[in-house]
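Novice: Sharing a structure, written as structure tokens. Questions coming.
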Amino acid sequence: MSRALSCIVFLLAILVWISHGRRGYGPGEQDWGHIEVRRGGYMFYWLFYTTDGNVSSCADRPLIIWLQGGPGSASTSYGNLGEVGPIDMDSQIRDSTWVKDFNVLFIDQPLGTGFSYLDNLTKFSENNRELGKDLASFMNGFYSRHREFQKVPLHIFGQSYGAKVASEFALQLQSEINSRLMSVNLVSPWISPLHSVMSWGRILFTIGAIDDRLYSEIYVAALEVGHLIKRNLWSDATNQMFTVQRLIAAQGIDLYNFMEPTENTELRENQLMNGPVRVALNLSESLQFESFSNVVFESLSYDFMKSALNTVEQLLDGTSLKVNIISGQLDLICSTLSTVHWIKKLKWSGRNAYLSAPREAIIVRDKIEGFQKTGGNLTMFWVKNAGHSVPLDNPRAMSEILKTVTLQYN
């Protein structure tokens, strides 16, 4: 009887593992759905279980959360199809997908982005604290639905404005929900917007992309952003930031990789998500997917140019979390130059240890793909041959960074 019972328990364990996921769009086990994070606010997620054949359970590998930026860009499309998911924009298998080694959770945030939606269109989030609160609420619902991940190491990755959101989300998650959050990873981070804007003209002039006359014009326009910020005219500062961007874009320069021609993937994303993906996931046609939500951006335009330096300082001094900053050296909009500058402005107990630490090479297959520097619980990664979308532009370097970030906790 005891032996029979043991067999039943074993079979049930296998069934639990098998039944974790569903067949979705692309290879591997997946799950997706909406979680109500506040009354009338439903956040969409798309979970990919690891395809690592060397583990007996998904719980043997960490869970990575990916938060896209914008605000208003969808994680389930650009982050997933565009950068790290198992299928790319051309519906081809991605060799460098993170799903090979990790469970990856894409969340369409803020509410109103991608397949996430609001019953009441006046309830859009207006600041970073509200975004963090919604995501903490999401994780509470996610852990209730996916208990297999409650004790699994968790790593948050946020790109661009998503990095700003990730910093607040990590802070709230750490204090409010019982999880195994290990690190927050700020990829091409929009943390100190004014530092970013002030760096644009200097970088372009240095590499010979603009002449001194246009440099002066960009510099004066960028200074005006700072003046508006000092007067707390935050929406005006956001609009003026776009004025600076237009001066640059008129030269045919891509702010996301100043060495590459501009490429817009919104149409392809929308066609893919509203077509094959919607069918595969059996989602209602009433949900109209947009790769970028202007309404979401407008609701956060007052908060857009506000710094999140204080939040990063709280993460460094108020938690035991590892804070990793990942910067592509060809990125302009969240430039490496500006990132190095705002890191020096951080006020925290490990500041001197970080600033005095050596910068070491990241070597992959006998080739230097970047550099890293660690002091206290802060690490910065400089990534060569990469713009804003580091995982897409230099997957070799990103793979090595992932090992550094995650394997130390296993």
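The values are calculated or read from the model by the stated rules, or taken from the named source; none is laboratory data. Keep in mind that what you see is a predicted model, and the values were worked out from it rather than measured. Every residue, glycine as well, gets a Cβ built from its backbone with ideal geometry; the counts of neighbours run over all protein chains shown.
Novice: Across the range 127-172, what is the total count of residues that are surrounded by fewer than 22 Cβ atoms within 10 Å (Cβ to Cβ) and in contact with a Cys (Cβ under 7 Å, 6 or more places away or on another chain)?
Specialist: Final tally of qualifying residues: 1.
Novice: Pull up the range 316-335, narrow it to residues that are of a type outside the set (A, V, I, L, M) and surrounded by fewer than 24 Cβ atoms within 10 Å (Cβ to Cβ), then point me to the one that is nearest to MET259 (Cα to Cα). Give the steps one after another, and end with the answer.
Specialist: Going through the range 316-335, the residues of a type outside the set (A, V, I, L, M) turn out to be 317-320, 322, 324, 327-329, 331, 334-335.
Filter once more, so that each one left must be surrounded by fewer than 24 Cβ atoms within 10 Å (Cβ to Cβ): 317-320, 322, 324, 329.
Values: ASP317: 37, GLY318: 39, THR319: 38, SER320: 38, LYS322: 31, ASN324: 25, GLN329: 10 Å.
Only one residue tops the list, namely GLN329.
Novice: Inside the range 227-252, can you point out the residues that are among the β-branched types (Val, Ile, Thr) and touching a helix residue (DSSP H, G or I) at 6+ places or on another chain (Cβ under 7 Å)?
Specialist: Let us first name the residues in the range 227-252 that are among the β-branched types (Val, Ile, Thr), namely 229, 238, 243-244, 248.
Selection gives ILE229, THR243, VAL244, ILE248.
Novice: List the pairs whose first member sits in the range 221-249 and is within 16 Å of GLU298 (Cα to Cα) and in a helix (DSSP H, G or I), whose second member is among the hydroxyl-bearing types (Ser, Thr, Tyr) and modelled with pLDDT of 95 or more, and whose Cβ atoms are under 9 Å apart, counting only residues at least 6 apart or on separate chains?
Specialist: TRP234/SER301; TRP234/TYR302; SER235/SER301; SER235/TYR302; THR238/SER301; THR238/TYR302; ASN239/SER301; MET241/SER196
Novice: Which condition number does SER338 fail, the rest of (1) surrounded by fewer than 21 Cβ atoms within 10 Å (Cβ to Cβ); (2) in contact (Cβ under 8 Å) with a residue 60 or more places away in the chain; (3) hydroxyl-bearing (Ser, Thr, Tyr) being met?
Specialist: Going through (1) surrounded by fewer than 21 Cβ atoms within 10 Å (Cβ to Cβ); (2) in contact (Cβ under 8 Å) with a residue 60 or more places away in the chain; (3) hydroxyl-bearing (Ser, Thr, Tyr) one by one, SER338 breaks only (1).
Novice: Residues of the range 36-66 being surrounded by 22 or more Cβ atoms within 10 Å (Cβ to Cβ) and over 23 Å from ARG22 (Cβ atoms), which ones?
Specialist: GLY41
Novice: A further question on this structure: Check LEU121, LEU186, LEU171 and return the single one that is part of a loop (DSSP other than H, G, I, E, B) and under 23 Å from VAL37 (Cβ atoms). Walk me through it before giving the result.
Specialist: Details: LEU186 fails: part of a loop (DSSP other than H, G, I, E, B); LEU171 fails: part of a loop (DSSP other than H, G, I, E, B).
Within the list LEU121, LEU186, LEU171, the selection yields LEU121.
Novice: Here is a follow-up. Can you tell me which residues in the range 262-280 are closer than 18 Å to SER75 by Cβ and assigned to a loop (DSSP other than H, G, I, E, B)?
Specialist: The one that is closer than 18 Å to SER75 by Cβ and assigned to a loop (DSSP other than H, G, I, E, B): THR265.
Novice: Identify, by number, the condition in (1) touching a Phe, Trp or Tyr at 6+ places or on another chain (Cβ under 8 Å); (2) surrounded by fewer than 23 Cβ atoms within 10 Å (Cβ to Cβ) that GLY82 doesn't meet.
Specialist: (1)
Novice: Condition check: assigned to a loop (DSSP other than H, G, I, E, B) and assigned by TED's automatic domain parsing to the domain that holds ILE107. Does ASN80 satisfy that?
Specialist: Numbers: assigned to a loop (DSSP other than H, G, I, E, B): no; assigned by TED's automatic domain parsing to the domain that holds ILE107: yes.
No: the conditions fail for ASN80.
Novice: Let me ask something additional. For residues that are crowded, with 23+ Cβ neighbours inside 10 Å and under 11 Å from VAL244 (Cα atoms), tally how many sit in the range 182-200.
Specialist: Number satisfying all stated conditions: 2.
Novice: Further question on the same structure: Output the number of the condition that ILE210 fails; it satisfies all remaining conditions of (1) touching a strand residue (DSSP E or B) at 6+ places or on another chain (Cβ under 7 Å); (2) surrounded by fewer than 22 Cβ atoms within 10 Å (Cβ to Cβ); (3) in a loop (DSSP other than H, G, I, E, B).
Specialist: Result: ILE210 passes all but (1).
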